[in-house]
Amino acid sequence: MQEKRNVQIIEWEDLDKKKFYSFGVFMTMTIRAGVYPATLIRTRLQVQKGKSLYTGTFDAFFKILRSEGVRGLYRGFLVNTLTLISGQGYITTYELVRKYVSTYTSNNTVKSLVAGGSASLVAQSITVPIDVVSQHLMMQGQGGDMGRFKVTAKGVQPAEHKMTFGQTRHIIIQIFTTDGFRGFYRGYVASLLTYIPNSAVWWPFYHFYAEQLSNLAPTNCPHLLLQAMAASTITNPMDVVRARVQVEGRSSVIETFKQLIAEEGMWGMTKGLSARIISSTPTAIVMAVGYETLKKMSLRPELVDSRHW
């Protein structure tokens, strides 16, 4: 009987960096374009008071589609694509920290745990300012009354509405004028509390599934789905708080959490959860199935025949 073959993990030093970054940007962009409508819906559901506008994910989807068209589902997308920079920073940090930790331990779980948390710290430091701007754009249209700022008709800038945001550059200028540089990092702590634990736990499981996928056993797929859903569910309360801090201009994570509980009860912690699962699950699956393939495609030419999927 043939012995089961394990997947050999492709490390940072094995990669052709030009190929890796080129393929990585394409893969990340494709994923973001596919899940962005769910991300926008999630943000609006998290920020709205109770069910003042939408009753749920699918209700929001059809209302936005009818009222704003397909473009409405992609409000702020062009700004959000700047997070491709943080995505590449995330992957680079992950691979470099794995390499560094390898000098102290050969335990793959430890390497993945430390590298995943470190990568998220670096990525969020880049992503949060972009999120703050893009989320204000997401709140326009039907969600205009839920955000701090509104977009006026093109070319119309009434003097009495100094806080009105038109184009993206106006948003950036007004955030800086109103809140200073700190305004671009509203919700930074909440973002770290949301994404660092998620990232730190996800990567050890990723390598486990990479091993399992070497056998392509269909029974592994439900476990991967459950993992993605569990991570989204556990971190969703902090994600709701993060969205409200960033969009509503709040300064305290704790006070925002208390107010959310007081106004909407414990169910407020689940706002936008289904939309979050819809956006995060495909991402987790593509990453689990595709990331090692991406690295395989980016191998240095002399190593191609020595690595197996």
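So here's what we get for this one:
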{"read-out": "Phi-based couplings in Hz for segment 117-127 (Karplus 6.51, -1.76, 1.60; Gly and Pro marked x)", "value": "x, 5, 4, 5, 4, 5, 4, 5, 5, 8, 6"}
{"read-out": "Theoretical FRET efficiency, 1/(1+(r/R0)^6), r = Cβ-Cβ of ARG182 and LYS17, R0 51 Å, to 0.05", "value": "0.90"}
{"read-out": "For LEU299, residues with placed amide H under 5 Å, excluding near neighbours", "value": "ASP16"}
{"read-out": "Mean Cβ count within 10 Å, highest first, over the residues of peptides 236-248, 77-89", "value": "236-248, 77-89"}
{"read-out": "Sites GLU248 and GLU302 - FRET efficiency at Förster radius 45 Å, r taken between beta-carbons, to 0.05", "value": "0.25"}
{"read-out": "At R0 = 30 Å, FRET efficiency that the Cβ-Cβ distance of LYS49 and THR283 yields, to 0.05", "value": "0.55"}
{"read-out": "By average C-beta atoms within 10 angstrom, highest first, the peptides 37-47, 22-32", "value": "37-47, 22-32"}
{"read-out": "For segment 233-290 and segment 73-129, distance of Cα centres in Å", "value": "20 Å"}
{"read-out": "Out-of-range pairs (alpha-carbon distance over 30 Å; input LYS19/LYS111; LYS49/LYS111; LYS111/LYS296; LYS19/LYS271; LYS18/LYS111)", "value": "LYS49/LYS111; LYS19/LYS271"}
{"read-out": "Solvent-accessible area per residue, Å², over segment 41-135 with all protein chains present [probe radius 1.4 Å]", "value": "44 Å²"}
{"read-out": "Karplus (6.51, -1.76, 1.60) ³J(HN,Hα), θ = phi - 60°, over segment 186-199, in Hz, Gly and Pro reported as x", "value": "5, x, 4, 5, 4, 5, 5, 5, 7, 9, 5, x, 4, 5"}
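The values are calculated or read from the model by the stated rules, or taken from the named source; none is laboratory data. The structure displayed is predicted, hence computed values, not measured ones. Every residue, glycine among them, receives a Cβ derived from its backbone with ideal geometry; neighbour counts consider all protein chains shown. To get the accessible areas, we keep the full protein, side chains included, count just its heavy atoms, and leave off ligands, DNA and RNA. Shrake-Rupley method; radii C 1.70, N 1.55, O 1.52, S 1.80 Å.
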